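Inspection log for the structure reproduced underneath, given as structure tokens.
The values are calculated or read from the model by the stated rules, or taken from the named source; none is laboratory data. The model shown is predicted, which means the values in this text are computed figures rather than measured ones. Note that each Cβ is placed from the backbone with ideal geometry, even for glycine, and that neighbours are counted across all protein chains shown. These area figures cover heavy atoms from the full protein model, side chains too; ligands, DNA and RNA do not enter into them. Shrake-Rupley method; radii C 1.70, N 1.55, O 1.52, S 1.80 Å.
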Amino acid sequence: MASPTSRRLAPALLVGSLAVWAGPAAAQDAAHRHMGHVADQWNDTPDQMGLLPAAQAEAEVANQHAALATAQPDNLQSIQRHIGHVVHALDPSMMDGGPGKGYGLIKAAQGAARHIALAAEAEGASDNVKTHAQHVQASSDNVVKWAQMAMEKAHAVLTATDAATAAALAEEIHQLTTAIVEGTDANGDGRISWGEGEGGLAQATQHMGLMKRGEGM
């Protein structure tokens, strides 16, 4: 028969063992929660989609209108109209009205980079999360950089007074928005990596998928 002391200790030992068992799971849940913010759902995006899909949706609009801006290189009005649409997709706070989703590529990509970093920093995050989070973050950071460069060039287009100047800048903006969507082979080795200066949203999405599969999600 168990002694009074052993009866008192048993519940305490059970609680302690449950805490040890739940600790890693809770930590893993924190990493997975931030992964979900990036890939699946965030509270203030259009339709509460993930931050990375929100960035992709805005990038598609930006790239489409950057291409349209290059279609009539002698028509300043057309170039400026479509570059205005690019601006709206990149940062709607800088342009009233447009075909973008109203969230902004820059905001979405910055959010994706921030939350994937939080996933990697969560206590108990797996090596799989830490590895691919680095890849997703690097590509997301590239996207933000390129989008900010496109914004600077767009301002120059919108204040241009001749079509030739605007058309040349529109070509550069189109190159940037294409890199945002597809990534770019910056070092000429025949492949596009996730690394600095190369990875875009396609690479961020690829490594997000690898991360989720590695976590069984």
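Here are some notes:
- Tally of residues being open to solvent by 30 Å² or more (accessible area, probe 1.4 Å) and either of a type in the set (A, V, I, L, M, F, W, C) or in contact with a strand residue (DSSP E or B) (Cβ under 7 Å, 6 or more places away or on another chain) (or both) across segment 196-217: 3
- Per the conditions (1) touching a residue at least 40 places away in the same chain (Cβ under 8 Å); (2) not in a loop (DSSP other than H, G, I, E, B), the sole criterion not satisfied by A168 is (1).
- Pairs where the first residue, in segment 36-65, is within 17 Å of A119 (Cα to Cα) and the second is polar (S, T, N, Q), C-beta under 7 Å, 6+ apart: Q41/Q48; W42/Q48; G50/Q41; L51/T45; L52/T205
- Unmet criterion (only one of (1) at pLDDT 95 or above; (2) acidic (D, E); (3) open to solvent by 50 Å² or more (accessible area, probe 1.4 Å)) for E123: (1)
- Residue tally, condition out of contact with any His (no Cβ under 6 Å at 6 or more places or on another chain) and either outside any helix (DSSP H, G or I) or within 23 Å of M151 (Cβ to Cβ) (or both), over segment 118-138: 7
- The set of residues in segment 138-180 being charged (D, E, K, R) and open to solvent by 60 Å² or more (accessible area, probe 1.4 Å) consists of D141, K145, E152, D162, E171, E172.
- Some residue of segment 183-195 being buried (at least 18 other Cβ atoms within 10 Å of the Cβ), aromatic (F, W, Y) and in a helix (DSSP H, G or I): no
- Identity of the residue in segment 54-108, of a type in the set (K, R) and assigned to a helix (DSSP H, G or I), that ends up surrounded by the fewest Cβ atoms within 10 Å (Cβ to Cβ): R81
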